[in-house]
Amino acid sequence: MRIIGHRGARNIWAENSLSGFRNVCGLGVDAVELDVHLSNDGEIMVIHDPLLDRTTDHKGPVAHLSRAALAKVMLDDTLGETIPTLPEVLDVFGPTGIELEIEMKMDAYGNPYPGLLDKVIALVEARKMAARVVLTCFVPEVIEEIRAKAPHMRRLASVDRRSCEAFGGVDHTLRRFVDLGCIIAVEQSLLRLTVDRAASIVGRDKLGAWVPNTVRELDFWLGQPISQITSDRPDLALQLRAARKG
């Protein structure tokens, strides 16, 4: 069972922050999940939301500001940190051997960022980290683009109820992403209702759950036919996994 730190480990440290990423390296996680957007001058920024409002001292779309302007935006719950760029984050993880799940996010209007995927692929390949990176998205068309542009890189599709409503139900959604050669991570409350069926469609070696965070939730998923858990409390997940092995 692989344990993945969600946005670093956002229930322990500030999400998608350099300090959080540095700290999570010490936990022994198998991988770390993070999210990328583009500044208005084409820099890859690591932040979850398309808007600055929730996690910073500024408001408005990430894509409306330049890299220089974003360097003045302070992250909440940090000691004066700003939004990191993807090169800065790769500097942290490069020496560690930890795998990365990089999620392609949409802009504030729900559109893919032109050129974002190409920039991410080029940067990862230039750093010789392609074997350690999984490119992820909720959107099938983006997954198709990943497959076309980087067939050698692993792909992960995230699925929740909204996905299933848009794509015609759980079975149809899972099969659509299976056909695209994806690992599939399903939101835990949805996966609980259909875990055995999902495992039969996807295969337990490519099925994951996000984001269980309590001891009870994590212990449950450690006993299910899945291969990975994405959690905001990877420290608890690692302790429980170790206890089970012991």
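The values are calculated or read from the model by the stated rules, or taken from the named source; none is laboratory data. Quick caveat: nothing in here was measured; it's all calculated off a predicted structure. With ideal geometry, Cβ positions are generated from the backbone for all residues, glycine too; neighbour counts draw on all protein chains shown. Heads up: the accessible areas ignore ligands, DNA and RNA and are worked out on the full protein's heavy atoms, side chains in. Shrake-Rupley method; radii C 1.70, N 1.55, O 1.52, S 1.80 Å.
A few notes on this one:
- Candidates 57, 232, 76, ranked by Gaussian network fluctuation over the chain, Cα under 10 Å, top entry: 57
- Given 59/105; 72/149; 72/128; 105/206; 105/149; 206/245, the pairs whose alpha carbons are separated by over 24 Å: 72/149; 72/128
- Calculated translational diffusion coefficient of segment 16-76 (20 °C, 1.002 mPa s; Stokes-Einstein with Kirkwood radius over alpha-carbon pairs) equals 173 µm²/s.
- Measuring r between the beta carbons of residue 64 and residue 147 and using R0 = 30 Å, the FRET efficiency lands at 0.45.
- Counting every C-alpha pair in the chain, the share spaced more than 28 angstrom apart comes to 30%.
- Only Lys, Arg, Asp and Glu carry charge here, each on its Cβ (+1 for the first two, -1 for the last two); on that basis the chain has a dipole of about 720 debye about its Cα centre.
- Ranking 31, 13, 50 by Cα position along the charge dipole of segment 1-140, where only Lys, Arg, Asp and Glu carry charges on their C-beta atoms, puts 31 farthest toward the positive end.
- Highest-MSF residue in the chain out of 216, 197, 154 [GNM, Cα springs under 10 Å]: 216
- Net charge, residue 151 excluded, C-beta distance under 15 Å - Lys, Arg +1, Asp, Glu -1: -1
- Computed with a 1.4 Å probe over protein heavy atoms only, the accessible area of residue 64 comes to about 110 Å².
- A straight chain from residue 197 to residue 126 at 0.36 nm per residue would run longer than the Cα-Cα distance by 21.6 nm.
- For segment 199-246, the ratio of Cα radius of gyration to the globular rule of thumb 2.2 N^0.38 Å stands at 1.10.
- Using a probe radius of 1.4 angstrom, the carbon and sulfur fraction of the accessible surface of the chain is 51%.
- Calculated [θ] (222 nm, deg cm²/dmol) that DSSP helices of n ≥ 4 give over the chain, each run adding -39,500 (n - 2.57): -10500 deg cm²/dmol
- Highest mobility in the GNM of the chain, judged by mean-square fluctuation with C-alpha springs under 10 Å and restricted to 18, 156, 90, is found for 90.
- Beta bridges assigned by DSSP with both partners in the chain are antiparallel in approximately 20 percent of cases.
- Sorting the Cα pairs of segment 102-238 by distance into bins of 10 Å, from 0 upward, gives 12, 40, 35, 13, 0 percent per bin.
- Here segment 1-141 is treated with +1 on each Lys and Arg Cβ and -1 on each Asp and Glu Cβ, and its dipole about the Cα centre works out to around 220 debye.
- log10 of Debye I(q)/I(0), alpha-carbon scatterers only, for segment 133-185 at 0.18, 0.23 Å⁻¹: -0.49, -0.77
- Kirkwood-Stokes translational diffusion coefficient of segment 1-119, alpha-carbon pairs, 37 °C, 0.692 mPa s, µm²/s: 229 µm²/s
- Projected label distance in nm at residue 215 and residue 40, using a 7 Å step from Cα toward the beta-carbon: 5.0 nm
- For the chain: accessible area per residue (Å², 1.4 Å): 43 Å²
- Note on residue 91/residue 57: beta-carbon distance plugged into 1/(1 + (r/R0)^6) with R0 of 22 Å gives a FRET efficiency of 0.35.
- For residue 63, the shell of other residues with beta-carbons less than 12 Å away shows a net charge of -2, using +1 for Lys and Arg and -1 for Asp and Glu.
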